[in-house]
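Below is one structure, written out as structure tokens; comments come after it.
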């Protein structure tokens, strides 16, 4: 049987004016990396506030490690790594002193993992926090979340402010934690990091869960876009008029076709048109995501 490490059951927090979260249900299993995907304002941070015990839900219940997230928050947080979406630090402290302060708060016996993470993220923590860039502060937040080697971690927009190299380091860290069996909930609006790291992903829209997808299943739903460059507009028109093909759009002598499943029929039709060029692009996770949101809600 699967072990539910996190569980939300019919959780509602209504701020009025259709803001908040409504009847949110999902579970996160032991050792799973669970993505929570949606644009800013969709309800990701509100959900995390319920899990962290920062707010009391209007209805429903949530638990971590079998403990009530509101009444037993202190006990939960002993075994929990947390990265807030909006970081707040003691600005007069140096990064080194802040990390040491947090290590003492977490009652860490060893600083080995902390130093490994400092090295991994190439952090120079000697300067004062108030002089640090957003990216440097984000690195400190990530290190604080993982340096005590928690069995569960909740991360709210974890790569905000990181440059592409450090975003890749973060993905490496998550995959390393996944191998160790750490259970992770990670909210994001960055599709690539979710695709690379998560086992399942919940998509939230206007405070409601639209779908929860296995990432392998979600990847299987992605279509391919064939861009065919025909000899002339007439050839492109004939290809567009073929009822056996799904046409996305035509622009002069170029035709974009949507292909799902086996491409044999489509390729035969394209070959018969004797095109000048053919390029193939797999639909991105972001484009698939827009299926759940609609083009008008970008």
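Computed from the coordinates by the stated procedures, all read-outs in this text should not be read as laboratory data. All values reported here derive from a predicted model rather than from experimental measurement. Cβ atoms come from the backbone with ideal geometry, glycine included; neighbour counts cover every protein chain shown.
Cα convex hull, the stretch 19-115: 151 Å³ per residue, rounded to a whole number. Give the calculated FRET efficiency between residue 107 and residue 224 to the nearest 0.05, with a Förster radius of 45 Å applied to their Cβ-Cβ distance. Efficiency computed from Cβ-Cβ geometry: 0.30.
Pairing the Cα long axis of helix 134-146 with the longest principal axis of the chain, what angle in degrees results, from 0 to 90 and rounded to the nearest 10? The helix 134-146 is inclined about 70 degrees to the chain. Look at the alpha carbon pairs under 8 Å that are at least 6 residues apart: their mean separation over the length of the chain gives a relative contact order of 19 percent. State the antiparallel share, in %, of DSSP beta bridges confined to the chain, rounding to the nearest 5. In the chain, DSSP labels about 70 percent of beta bridges as antiparallel.
Taking label points 7 Å from Cα along the Cα-to-Cβ direction, residue 179 and residue 78 give a separation of 3.1 nm.
Descending by average beta-carbon neighbour count within 10 Å, the peptides 221-228, 159-166, 47-54 line up as 47-54, 221-228, 159-166, the highest first.
Give me the angle, in degrees from 0 to 90, between the Cα long axis of helix 95-105 and the longest principal axis of the Cα atoms of the chain, rounded to the nearest 10. Its long axis makes an angle of about 70 degrees. How far, in nm, would the chain grow between residue 248 and residue 56 when pulled straight, counting 0.36 nm per residue and subtracting the alpha carbon separation? Difference between extended and current length: 64.5 nm.
Full extension of the chain segment joining residue 172 with residue 115 gains 18.9 nm, where the gain is 0.36 nm per residue of separation less the Cα-Cα distance. Taking the longest Cα principal axis of the chain as reference, the axis of helix 164-180 is set at about 70 degrees. Cβ-Cβ distance of residue 86 and residue 284, R₀ of 30 Å, FRET efficiency by 1/(1 + (r/R0)^6): the value works out to about 0.60.
Note on the stretch 86-149: semi-axes of the ellipsoid equivalent to its C-alpha gyration tensor, largest first and rounded to whole Å, are 18, 13, 10. What's the FRET efficiency of residue 151 with residue 260 using the Cβ-Cβ distance as r and R₀ = 35 Å, to the nearest 0.05? So the FRET efficiency works out to roughly 0.30. Site pair residue 128 and residue 29 shows an inter-label distance of 5.1 nm when each label is modelled 7 Å from Cα along Cα→Cβ.
Per-residue ellipticity at 222 nm for the chain, helices alone: DSSP H runs ≥ 4 residues times -39500 (n - 2.57), over residue total, nearest 500 deg cm²/dmol?
-10000 deg cm²/dmol
Summarised in one figure, the compactness ratio Rg/Rh of the chain, Cα atoms and Kirkwood Rh, is 1.08. Each part reduced to its alpha carbon centroid, the stretch 103-166 and the stretch 47-66 end up 25 Å apart.
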